[in-house]
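Please read the structure below before turning to the comments.
The values are calculated or read from the model by the stated rules, or taken from the named source; none is laboratory data. Being a predicted model, the structure only gives us computed values, none of them experimental. Here Cβ is always computed from backbone atoms with ideal geometry, including for glycine, and neighbour counts include all displayed protein chains.
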Amino acid sequence: MYFPAYRMRRLRQTPQIRELVRETDLLADRLIYPLFVTHGQDVKEEVASMPGCYQLSINNLVEEARQVRELGIPAVLLFGIPAEKDEAGSGAYDEEGIIQMALAALKEEVPQLTLITDVCLCEYTSHGHCGIVHDGDVDNDLTLEMLARMAVSHAEAGADIVAPSDMMDGRVAAIRASLDNEGFTNTPIMSYSSKFASSYYGPFRNAAESTPEFGDRRSYQMDIRNSDEAVREALLDIEEGADIVMVKPALPFLDIIYRVKQETKFPLAAYNVSGEYAMLKAAAAAGWLDEKEAVLEALTSIRRAGADMIITYHAKDAAVWLRQ
Ligand code: PBG
Ligand code: ZN
């Protein structure tokens, strides 16, 4: 009945046939490129643990953004490094803060690029936590007010989408209410809904200068052992008004991507994080992996698992490879 009537190799014989039966597309228009913006002029400081990624001053950020758009990548995700940090992370919602200035410049110079901003206090607080610290722990409800102010200030400065990554409870509802109050009813929220307390964020914390000075983020980010909870997190954020949900990291959490997509049917972003990037870059630099093949395989797998869009530091390279 089966063999030899069905021979699976029949449909693998030529590149043309393989294209016809492929089940997953990977195109540059599904990619989002993260960028780190810092004060100063002509700054382009490579992040040691993330070769090819830089802290950029606004003039260089604009040039980079132009290239990103020309490569067919539709969106960037912006992270700011403020001049000064304080307990309350006040640089986060300063009208003349680094992100606010970067947004104004990018909107003017690269209008066809979608600007997504990371909404979280950890780059702006002196202690490096994602919220206001009170009695040695991050105070959830005090933090909500700050996040809502931050999101509104980003929208005012030109953000097209705001992306809260702090993992406080109720933040999507708080941000939605404030955006609506201020007239930003059409600004979507991409919620980092299912974000795990992962060891793969290490390189990013160097890039964004956001390593916590004490403790870790386990009292707010998710326990890596939980999967049902990741679905609940996504469903709760949807109830609060999230337009796009997220799973982060991506490769060690492909099962979560699959489940969240199946159970929510919402637009889903996967964040292929800094540690995932660093691993492939290091192996490629050592000559142990073919970078192009390995990166495209990783990104395709994230799409196959159910991600509609992928936030990745490989976006520029991938866009070039996918054009050929
Ligand atoms: C800030 C934030 C982090 C990342 C995105 N937004 C770091 C963290 O939560 O410690 C990680 C991104 C990456 O590793 O590429 N909350
Ligand atoms: Zn944070």
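Here is how the numbers come out for the structure above:
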quantity: Selection count, segment 175-216, where residues are over 25 Å from Glu45 (Cβ atoms), of a type in the set (D, E, K, R) and either at pLDDT below 95 or surrounded by 18 or more Cβ atoms within 10 Å (Cβ to Cβ) (or both); calculated: 3
quantity: Residue check for Arg205: within 12 Å of ligand 2 (Cβ to nearest atom) and either under 25 Å from Leu251 (Cβ atoms) or not basic (Lys, Arg) (or both); calculated: yes
quantity: Qualifying residue in segment 65-76 (condition: assigned to a strand (DSSP E or B), surrounded by 19 or more Cβ atoms within 10 Å (Cβ to Cβ) and out of contact with any Asp or Glu (no Cβ under 9 Å at 6 or more places or on another chain)); calculated: no
quantity: Any hit, segment 1-10, residues being closer than 24 Å to Ser274 by Cβ and loosely packed, with under 15 Cβ neighbours inside 10 Å; calculated: no
quantity: Test: Tyr313 is closer than 20 Å to Tyr54 by Cα and out of contact with any His (no Cβ under 7 Å at 6 or more places or on another chain); calculated: yes
quantity: The lone exception for Asp169 - which of (1) within 16 Å of ligand 2 (Cβ to nearest atom); (2) in contact with a strand residue (DSSP E or B) (Cβ under 9 Å, 6 or more places away or on another chain) it fails; calculated: (2)
quantity: Members of segment 48-66 found to be within 18 Å of Leu113 (Cα to Cα) and under 18 Å from the mean Cα position of the chain (by Cα), listed by number; calculated: Leu56, Leu61, Glu64, Ala65
quantity: Residue satisfying condition, being over 20 Å from the mean Cα position of the chain (by Cα) and in contact (Cβ under 8 Å) with a residue 24 or more places away in the chain, within set Glu70, Glu19, Glu84, Glu95; calculated: Glu95
quantity: Residue count for segment 225-241, restricted to those that are of a type in the set (A, V, I, L, M) and within 16 Å of ligand 1 (Cβ to nearest atom); calculated: 1
quantity: Filtered residues of segment 101-119 (kept if buried (at least 22 other Cβ atoms within 10 Å of the Cβ) and either away from ligand 2 (no atom under 16 Å from the Cβ) or modelled with pLDDT under 95 (or both)); calculated: Ala102, Leu103, Leu106, Leu115
quantity: Pair list, Cβ < 8 Å and 6+ apart or interchain, from segment 194-216 residues that are on the phi > 0 side of the Ramachandran plot to residues that are part of a loop (DSSP other than H, G, I, E, B); calculated: Glu209/Glu123; Gly215/His129; Gly215/Gly136
quantity: Conditions (1) within 16 Å of ligand 2 (Cβ to nearest atom); (2) within 20 Å of the chain's Cα centre (by Cα); (3) among the β-branched types (Val, Ile, Thr); (4) part of a helix (DSSP H, G or I): number failed by Val162; calculated: (4)
quantity: Hits in segment 235-265 - residues which are crowded, with 19+ Cβ neighbours inside 10 Å, outside any helix (DSSP H, G or I) and not basic (Lys, Arg); calculated: Ala242, Ile244, Val245, Met246, Val247, Pro249, Ala250
quantity: Hits in segment 46-64 (condition: free of Cβ contacts under 8 Å to residues at least 24 places away in the same chain and either part of a strand (DSSP E or B) or of a type in the set (Asp, Glu) (or both)); calculated: Glu46, Tyr54, Leu56, Ser57, Glu63
quantity: Residue match in segment 160-181 (condition: more than 13 Å from ligand 1 (Cβ to nearest atom), in contact with a Gly (Cβ under 8 Å, 6 or more places away or on another chain) and not aliphatic (A, V, I, L, M)); calculated: yes
quantity: Failed condition for Tyr93, given (1) more than 15 Å from ligand 2 (Cβ to nearest atom); (2) at negative phi; calculated: (1)
quantity: Every residue from segment 127-159 that is touching an Asp or Glu at 6+ places or on another chain (Cβ under 6 Å) and more than 16 Å from ligand 1 (Cβ to nearest atom); calculated: Val152
quantity: Of residues in segment 1-52 being touching a strand residue (DSSP E or B) at 6+ places or on another chain (Cβ under 9 Å) and hydroxyl-bearing (Ser, Thr, Tyr), the one farthest from Leu103 (Cα to Cα); calculated: Tyr33
